[in-house]
Structures are given as C-alpha cells and as structure tokens.
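Following: one structure in structure tokens, then a few remarks.
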Amino acid sequence: MVASKKSKKAMESFNSRLALVMKSGKFTIGYRSTLKSIRQGKSKLIIIANNTPALRKSEIEYYCMLAKVGVHHYSGNNIDLGTACGKYFRVGSLCITDTGDSDIIRTIPTGRE
C-alpha cells in the first residue's frame, strides 16, 4: 500500500508539471508531429503512453537515441495522458519543445547523462 501511495503521488506531481508545460510551454501532440520535431532537432523530451503499439514505441525510442533526446514512459494509457494534457481526446505520444515555467526535464530521470 505504501508503494502505491508513493507512485500515485509521483504521478500527480508529473501531471502537475505536464499541465504547467501545456500552459506556458510549447509542445506537439501525436506520432507524426513527434517524429517530425525529433528529426528537426527541436524536441527536449518525449512522453509515450504505456499502451502505444510496440513498433511505434520502439521507432520513437530509436529516433530519440539518435537525436540524444530523453524519453519518458507515461504510466497511464493514452486516455490518461490526454486527460493530463488537458485535452478531451487520446494522446499516444507528446513532444515537448519548450518547457516554459516547468522543471519537468530536470525532475524526470531520462537516462541522458
């Protein structure tokens, strides 16, 4: 029970940081626009929902590895990610190009050292 409470608190913290990015930063939503911004070198962080198809997920991860961009695997499904973004539709992948006032990149371990 303690572990689930801790993960829920971390999830809420991530959702609040994501909401701040949506309000004050720049982002693109969707698979095609995410790949496009990675190729252009504009992306800072990629967020992928946990029910994204494996081939699509691995392709995004491969592009991110080549471009040295951080990837965060969102613990909820695409409906939850869309709700966290403040949208009324499903969001499978999300690319953050400018964080605005949020510190989402510094607080998430992205494996980019």
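The values are calculated or read from the model by the stated rules, or taken from the named source; none is laboratory data. None of the values given here were measured: they were computed from a predicted structure. We place every Cβ from the backbone using ideal geometry, glycine too, and count neighbours over all the protein chains shown. Surface accessibility is based on the protein's heavy atoms, side chains included, excluding ligands, DNA and RNA. Shrake-Rupley method; radii C 1.70, N 1.55, O 1.52, S 1.80 Å.
Structure notes:
- Among the residues of segment 61-88, those identified as outside any helix (DSSP H, G or I) and of a type outside the set (Ser, Thr, Tyr) are Lys68, Val69, Gly70, Val71, His72, His73, Gly76, Asn77, Cys85, Gly86, Lys87.
- The residues listed here are Ile79, Ile105, Ile96; of these, the one that is under 17 Å from Phe14 (Cβ atoms), open to solvent by 40 Å² or more (accessible area, probe 1.4 Å), among the aliphatic types (A, V, I, L, M) and modelled with pLDDT of 95 or more is Ile79.
- Thr83 meets each of the listed conditions (1) touching a strand residue (DSSP E or B) at 6+ places or on another chain (Cβ under 7 Å); (2) without any contact (Cβ under 8 Å) to a residue 24 or more places away in the chain; (3) among the β-branched types (Val, Ile, Thr) apart from (1).
- The single condition among (1) farther than 26 Å from Ser4 by Cα; (2) basic (Lys, Arg); (3) touching a residue at least 60 places away in the same chain (Cβ under 8 Å) that Arg17 does not meet is (1).
- Put simply, of Ser43, Ser58 the only residue that is over 21 Å from Ser13 (Cβ atoms), at pLDDT 95 or above and outside any loop (DSSP other than H, G, I, E, B) is Ser58.
- In segment 33-51, residue most open to solvent (accessible area, probe 1.4 Å) [restricted to those that are free of Cβ contacts under 8 Å to residues at least 60 places away in the same chain and small (Gly, Ala, Ser)]: Gly41
- Qualifying residue in segment 56-64 (condition: of a type in the set (Ser, Thr, Tyr) and open to solvent by 80 Å² or more (accessible area, probe 1.4 Å)): yes
- Scope segment 86-113; condition of a type in the set (A, V, I, L, M, F, W, C) and touching a residue at least 24 places away in the same chain (Cβ under 8 Å); matching residues: Val91, Leu94, Cys95, Ile96, Ile104, Ile105, Ile108
- Any hit, segment 63-75, residues being at pLDDT 95 or above and of a type in the set (S, T, N, Q): no
- Residue count for segment 19-32, restricted to those that are open to solvent by 40 Å² or more (accessible area, probe 1.4 Å) and either part of a helix (DSSP H, G or I) or among the basic types (Lys, Arg) (or both): 7
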